[in-house]
Amino acid sequence: MAYKISDQCISCGACADTCPCSAISEGENQFVIDAEACVSCGACAAGCPVEAISEE
């Protein structure tokens, strides 16, 4: 199950830096996770300073 970034995202980029699959990119208003590339490792959620990432 892929992870998802909520509206709490502050666009700091910490999640993108921690993703081993490069599944996270900067979207129009916040960062987004490519569900196809996500391997559900949880590294992004652990690296998010505002806890804006959770499993779908």
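The values are calculated or read from the model by the stated rules, or taken from the named source; none is laboratory data. Everything quoted here is computed from the prediction, not taken from an experiment. Reconstructed Cβ throughout: ideal geometry from the backbone, glycine too, with neighbour counts over all protein chains shown. Please note that ligands, DNA and RNA were not included when accessible areas were found on the heavy atoms of the full protein model with its side chains. Shrake-Rupley method; radii C 1.70, N 1.55, O 1.52, S 1.80 Å.
Brief remarks follow.
- Every pair of residues 6+ apart whose Cβ atoms lie under 6 Å, when the first sits in the range 19-47 and is touching a residue at least 60 places away in the same chain (Cβ under 8 Å) while the second is part of a loop (DSSP other than H, G, I, E, B) and open to solvent by 90 Å² or more (accessible area, probe 1.4 Å): none
- For the range 7-28, the set of residues classified as in contact with a helix residue (DSSP H, G or I) (Cβ under 9 Å, 6 or more places away or on another chain) and of a type in the set (Val, Ile, Thr) consists of 18, 24, listed by residue number.
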